[in-house]
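Okay, structure first, notes after.
The values are calculated or read from the model by the stated rules, or taken from the named source; none is laboratory data. All values reported here derive from a predicted model rather than from experimental measurement. Positions of Cβ are backbone-derived with ideal geometry, glycine not excepted, and every protein chain shown enters the neighbour counts. Accessible surface is based on the protein model in full, side chains and every heavy atom, while ligands, DNA and RNA are left aside. Shrake-Rupley method; radii C 1.70, N 1.55, O 1.52, S 1.80 Å.
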Amino acid sequence: MAAVAVQQVTDLLKNDSSLSQRTAELTVEAKAPTQPDIEYHPDAAKYKARTARRLAEDPSLPSTPLPEGFPKKLESPLVWQGSDFKDEKEWVYVLAPAHLKEIDDALKHFRGLEKPLGHISAATFPLPTLGPVLTDLAHVLHSGRGFFVLRAIPVDSYTREENAIIYAGVSSYVGNLRAVQDAPAAVAHIKDLTQTAPAQTIGAPGYTTDKQVFHTDTGDIIALFTLETAAEGGTSRISSTWKAYNELAETRPDLIKTLSEPWPLDGFGGTPAYTLRPLLFYLDEKVIIQYARRLFTGYRALPRSSDIPPITEAQAEALDALHFLGEKYNLGLNFQKGDIQYINNLSVFHARDAFVDTPEKTRHLLRLWLRNEKLAWKTPTELEPNWKRLYYTTPSDEHTFPLEPTVRSAVRGKGVKY
Ligand SMILES: [Fe+2]
């Protein structure tokens, strides 16, 4: 009797198209993947619980083979941890009085040329003895430990524009190409703008006093010039992604596989709505990691879009794994006013502590994204369109150097005119 009753109900559903369509919709809804429980600010307890849950569900995960051709272990000066360094003299290059005089002379020389700032280059900003030192330091970025700090430009002796010229001039010896960060602007300001810009415009932590989690920027080399430090906090932290790679390759090769497969990067309402690409590449015997966590979790005015594919549980775990490995092996750089920090953005990721400004001490950095065409690593195919847009689309003589901070259009809240 029961079987007959079930058959009758089934026939009834089959004959009622609206009912069967609704049933199908419910089935799809029940199965549709949803965004994992993960926020911009990493939560160690959630990370631990997610790892435990995933390993309980599939104990074979740590036995996953590495992707084809990927190394078991990277051996290079780029593999380091913060505790390897005992003294900041190991990475801080202090400018001598003669170098500062050369920089001052180069500024006067460039001014005398009466050219737009886009024309700043090694040719127009001559540094006879400092230039070769900077050229050598560029090798440290590409085949040494991947970072160094120049100390210190006397920023209070110069106007904002003069500081920008000095910064771009000195940096042109480290990387001959400057990227447009918000075309045609070649310089970006890193400063808390929450007191002056509308809240709905701020979609990236660089414009707040928040802790910034481990991430990379876009491009080959990041330079940060400290016009002023915060009254409290704001330590810049860097960490070797090659060190993180080695640890994951040894303990959780499945997460290396996850990182090397396509991820849905949020376009935050732009076109396309999202793009798919790996976060980790292995090319020309180099591991390259390129990602920002906010593209998968959202941040303030740019929350994760709900109409694009969510990330997976494996991807959520991999994001946290990268961040916590970054923290575990980080090196805190004791930024001083007038310092310029240079890092290889392909093998070193960075973060910064939350900070407190006062009217007298307001943290303010100027950022450049550079490329050294002689020493540059090969760019993975998936990143080429971005690199082309950054470095090879806007001619350098059209570059601008805005002297006041604004929120970059790429990280501005949706539909906000500003
Ligand atoms: Fe950054």
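Structure notes:
- Applying a threshold of 30 Å to the alpha-carbon distances of K89/K211; K115/K361; K86/K388; K337/K378; K191/K286; K48/K361 flags K115/K361; K86/K388; K337/K378; K191/K286; K48/K361 as lying beyond it.
- Cα-Cα separations in the chain greater than 31 Å, expressed as whole percent: 43
- Charge dipole (the range 42-418, unit charges on Cβ, about Cα centre) - positive-most of Q341, P303, I221: P303
- Modelled FRET efficiency - R0 35 Å, D284 with K101, Cβ distances, 0.05 increments: 0.30
- Cα centre as origin, Lys/Arg/Asp/Glu Cβ charges: the chain dipole, Debye: 140
- The local environment of D397, defined by Cβ-Cβ distances under 13 Å, has a net charge of +1 under the rule Lys, Arg +1 and Asp, Glu -1.
- Among the protein heavy atoms of the range 352-411, carbon and sulfur supply 52% of the accessible surface, probe 1.4 Å, non-protein parts ignored.
- The packing ranking of peptides 258-264, 328-334, highest mean first, is 258-264, 328-334, where packing means the average number of other beta carbon atoms within 10 angstrom of each residue.
- Other residues lying with their Cβ under 12 Å from the Cβ of Y173 contribute a combined charge of -1, Lys and Arg counting +1, Asp and Glu -1.
- Beta bridges from DSSP with both residues in the range 42-418: antiparallel share about 90 percent, rounded to the nearest 5.
- Rough spin-label spacing in nm, given labels placed 7 Å along Cα→Cβ, for T51 and T312: 2.0
- Protection-proxy order for peptides 55-64, 224-233, 152-161, each taking the mean of Cβ atoms within 10 Å per residue, highest first: 224-233, 152-161, 55-64
- Peptides 247-257, 102-112 ordered by packing proxy, namely the average of other Cβ atoms within 10 Å per residue, highest first: 247-257, 102-112.
- For I343, net neighbour charge (Lys/Arg +1, Asp/Glu -1) across residues whose Cβ lies under 12 Å away: +1
- Label zone (K388, point 7 Å along Cα-to-C-beta; backbone nitrogen cut-off 20 Å) within the range 276-303: 276-278.
- Here the range 60-206 has 56 percent of its accessible surface on carbon and sulfur atoms, given a 1.4 Å probe and all protein chains in place.
- The mean accessible area for residues of the range 42-418, using a 1.4 Å probe and ignoring ligands and nucleic acids, is 42 Å² per residue.
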